[in-house]
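Any read-out appearing in this document is the output of simple, stated calculations on the displayed coordinates, not a laboratory observation. Every value quoted in this text rests on a predicted model; they were computed, and no experiment measured them. Cβ coordinates were reconstructed from backbone atoms using ideal geometry, including for glycine residues, and neighbour counts include every protein chain displayed.
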Amino acid sequence: MFSVTASAQKKVALPHGMVYGTKPGSIGLKKASELEDFMGRRTRISAVIVGKVLRVTKPKGGWFELDADSGRVIRAHFKNYNVTLPVELKGREVIIEGVAAKQFIADDQQHMAGDTVVGKKQHEALANPKKRLVFEVTGLMINK
């Protein structure tokens, strides 16, 4: 006779209202799909957005991707590296607060120079149109 021991991994319960980082505000709440249009020509903006998590890319440091509709993706990460997100966050609706920035290709190693055209070179030339926004998160709350 022999015995078989089966152990199942415990599924992490992610209740509505669970907060990672600081609790995000609700003033000026926008949908993730509206963020790029709301930014207009600005390269960086503080915002509070709501959207669906596509996947958690790196749990340590809180790296994840947010759905911005029409195949567009907002890549997000926490400002504070000490935050660890569970991979079970995939498919959940979240409210996040932080700073959104447009991705651009910097010329001559001038990464902080801004989003301008210099000579014949254009910053937007190599940027993926589906992954143009990066979001530095200060707080996340599970909404649904």
Inset, instruction - Could you give me the residue pairs with C-beta distances under 9 Å whose first residue belongs to segment 28-40 and is closer than 17 Å to VAL53 by Cβ, whose second residue is surrounded by fewer than 13 Cβ atoms within 10 Å (Cβ to Cβ) wherever it lies, and which are 6+ apart or on separate chains? - result: LYS31/ASP69; ALA32/ASP69; SER33/ASP69; SER33/SER70
Inset, instruction - Need at least 3 residues that are among the charged types (D, E, K, R) per element, so show me which strands (runs of 3 or more DSSP E) inside segment 27-87 make the cut, counting only ones lying wholly within it. - result: 44-58
